[in-house]
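Asks: The structure that follows is given in the form of structure tokens.
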Amino acid sequence: MRWWDIGPVLELEHELFPDDAWSAGMFWSELAHARGPQATRRYIVAEDGTGRLVGYAGLAAAGDLADVQTIAAARDQWGTGLGARLLTDLLRAATAFECAEVLLEVRVDNTRAQKLYERFGFEPIGFRRGYYQPGNVDALVMRLTDPAQARTESSESNG
């Protein structure tokens, strides 16, 4: 993801997450940590054949722990494997950052995303009550140990 992607990302962000969408400032802040030798973030975008932005994802790394900050695919891309490809890229980045574990939060009512994470080996480890505001929706916290050995999109198709 680059600065010029923020506008299209925000459009998709507000479409998919109208109640708790990230602001432009949040994306700018994350991108400030995604370049150079001291980078601690990985942000990516996906486009369709026409150049339309159809997905994005981000990861933050600190020490040996990574956190999936965001992952989203346009509704017309659901079921195409785009979410799995985005997650695969993030897990490769976590491995490159030498992270031993990856954490994420997912809305308790987002079973589609939970199933994706479970396919990759993430396991539920707890809840964060009222995490998503203003709707006061709980988050399920999930963890993946050893992202280098994760059941990724490419390893599932080869094994």
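Asks: Taking Arg42, is it surrounded by fewer than 17 Cβ atoms within 10 Å (Cβ to Cβ) and either modelled with pLDDT under 95 or of a type in the set (D, E, K, R) (or both)? Let's see the steps before the verdict.
Replies: Numbers: surrounded by fewer than 17 Cβ atoms within 10 Å (Cβ to Cβ): no; either modelled with pLDDT under 95 or of a type in the set (D, E, K, R) (or both): yes.
Judged against the criteria, Arg42 is not a match.
Asks: Restrict the check to segment 14-24 and report whether at least one residue is open to solvent by less than 20 Å² (accessible area, probe 1.4 Å) and in contact (Cβ under 8 Å) with a residue 24 or more places away in the chain.
Replies: No; the residues of segment 14-24 include none that is open to solvent by less than 20 Å² (accessible area, probe 1.4 Å) and in contact (Cβ under 8 Å) with a residue 24 or more places away in the chain.
Asks: Within the group Asp48, Asp76, which residue is open to solvent by 80 Å² or more (accessible area, probe 1.4 Å) and either in contact with a Leu (Cβ under 6 Å, 6 or more places away or on another chain) or of a type outside the set (A, V, I, L, M, F, W, C) (or both)?
Replies: Answer to the selection: Asp76.
Asks: Among (1) under 21 Å from Val106 (Cα atoms); (2) surrounded by 13 or more Cβ atoms within 10 Å (Cβ to Cβ); (3) in contact with a Pro (Cβ under 8 Å, 6 or more places away or on another chain); (4) not hydroxyl-bearing (Ser, Thr, Tyr), there is one condition Leu53 misses while meeting the rest; what is its number?
Replies: Only one criterion is unmet by Leu53, namely (1).
Asks: Take the residues in segment 121-137 that are modelled with pLDDT under 95 and either under 18 Å from the mean Cα position of the chain (by Cα) or surrounded by 16 or more Cβ atoms within 10 Å (Cβ to Cβ) (or both); name whichever of them is farthest from Phe17 (Cα to Cα).
Replies: Gly121
Asks: Which condition does Leu65 not pass, out of (1) crowded, with 17+ Cβ neighbours inside 10 Å; (2) within 19 Å of Gln38 (Cα to Cα), if it passes all the others?
Replies: Of the numbered conditions (1) crowded, with 17+ Cβ neighbours inside 10 Å; (2) within 19 Å of Gln38 (Cα to Cα), the odd one out for Leu65 is (1).
The values are calculated or read from the model by the stated rules, or taken from the named source; none is laboratory data. Owing to the predicted nature of the structure, the values given are computational and were not obtained by experimental measurement. So basically every Cβ, Gly included, is an ideal-geometry build from the backbone, and we count neighbours across all protein chains shown. To get the accessible areas, we keep the full protein, side chains included, count just its heavy atoms, and leave off ligands, DNA and RNA. Shrake-Rupley method; radii C 1.70, N 1.55, O 1.52, S 1.80 Å.
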